[in-house]
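Okay, so here's the structure we're looking at.
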Amino acid sequence: MGLLSGLESFGLGKYKNAKVLKEEAQATQKDGEAKKVKTPKLTEEDCIYDKHYICPICDSSFTSKCVRAGKLKLAGKDMDLRPRYEVMDPLKYDVITCDKCGYSSLTRYYGKLTTRQMMDIRDEIGSHFSGLDNSSTIFSYEDAIFRFKLALVCAIVKNAKNSERGYLCLKMSWLYRGLRESDTVHDEEKLKQLQSEELECMETAYDSFSAALSKEPLPIAGMDENTVKYILAELARRLKKYEEAGKLVSSVIVSRQVSDRLKDQALTLREQIKAEMKSESVEQ
Ligand SMILES: [Zn+2]
């Protein structure tokens, strides 16, 4: 007696030996195929859109590219907390630039200007700026680095705090790293040059954040004291300032306010600093 026996008398005899269990393997494959067709691969263009702004310096209306954060998936973080995402690097779009007058700023600081700062940017940058082509659909790393440089010049002209300058330089160093890792540059000399520019940005970020930590109220660029110290420790390690790196990372580890996650990272960093110090002393 089969599970479906007895159906013959209802004219459904052909089902009497039918398999009840759904053939999953075949069905899944079919589902998968259907899915593939419905969701095409996400591109960088899918993740950005144009946002409208009115420039506080020249009053013109302009658009700047914004990232749809919800579409992005974090792939991991570097030791200095640089986030890496799948599909694209949102960091490239972190500066808002007016293509008419050149006023540029990290999103975090955009438009937060005193009258004096506005006058200075208008006189020093706006009156000399020749305009920028704003027609590209997505930014290359070079496009992004240029915009970050404009933001850095604006920060200098408006006499920005060291925290803002440090944050810009830290992110710029990440852009140089992103470009190095992007597999678009193959020339050894060019790669060396990018690495030295990355180091230069890190050096300025280190000096600026150190100055900010001793003179500015917390948070520094939205970060608490331990996060800034941790980043400083990692920058110091990359710059081979091992003594400073060791002191900074230890102060994070013994802090009562440090989160478990940051403490774990700090412990890993301390081991790395120790190992590098050891290998350096062997080499010498
Ligand atoms: Zn403008």
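Which of the residues belonging to the range 244-270 are over 17 Å from LYS77 (Cβ atoms), charged (D, E, K, R) and exposed (fewer than 11 other Cβ atoms within 10 Å of the Cβ)?
Passing the criteria: only ARG256.
Would you check which residues across the range 76-92 are more than 9 Å from the chain's Cα centre (by Cα) and farther than 22 Å from ASP264 by Cα and list them?
Once the filter is applied, which keeps residues that are more than 9 Å from the chain's Cα centre (by Cα) and farther than 22 Å from ASP264 by Cα, the range 76-92 yields GLU86, VAL87, MET88.
Is the range 184-191 home to any residue that is under 24 Å from ALA221 (Cα atoms) and modelled with pLDDT of 95 or more? First the steps, then the outcome.
Taking the range 184-191 first, the residues under 24 Å from ALA221 (Cα atoms) are none.
Scanning the range 184-191, I find no residue that is under 24 Å from ALA221 (Cα atoms) and modelled with pLDDT of 95 or more, so the answer is no.
SER61: surrounded by fewer than 13 Cβ atoms within 10 Å (Cβ to Cβ), over 22 Å from ALA221 (Cα atoms), modelled with pLDDT of 95 or more and among the small types (Gly, Ala, Ser), yes or no?
Details: surrounded by fewer than 13 Cβ atoms within 10 Å (Cβ to Cβ): yes; over 22 Å from ALA221 (Cα atoms): yes; modelled with pLDDT of 95 or more: yes; among the small types (Gly, Ala, Ser): yes.
Criteria met by SER61.
For the range 236-267, what are the residues that are among the β-branched types (Val, Ile, Thr) and either touching a Ser or Thr at 6+ places or on another chain (Cβ under 9 Å) or farther than 22 Å from LEU199 by Cα (or both)? Please lay out each step first, then the result.
Within the range 236-267, the first condition is being among the β-branched types (Val, Ile, Thr), and the residues that meet it are 249, 252-254, 258.
Matches in the range 236-267: VAL252, ILE253, VAL254, VAL258.
What pairs come out if I take residues in the range 89-109 that are in a strand (DSSP E or B) and within 16 Å of the ligand (Cβ to nearest atom) and pair them with residues that are basic (Lys, Arg) and modelled with pLDDT of 95 or more whose C-beta lies under 7 Å away, six or more apart or interchain?
From residues that are in a strand (DSSP E or B) and within 16 Å of the ligand (Cβ to nearest atom), the pairs are VAL95/ARG147; THR97/ARG147; SER104/ARG147.
The values are calculated or read from the model by the stated rules, or taken from the named source; none is laboratory data. It should be emphasised that the depicted structure is a prediction, and the values quoted were computed from it without experimental measurement. Every residue, glycine as well, gets a Cβ built from its backbone with ideal geometry; the counts of neighbours run over all protein chains shown.
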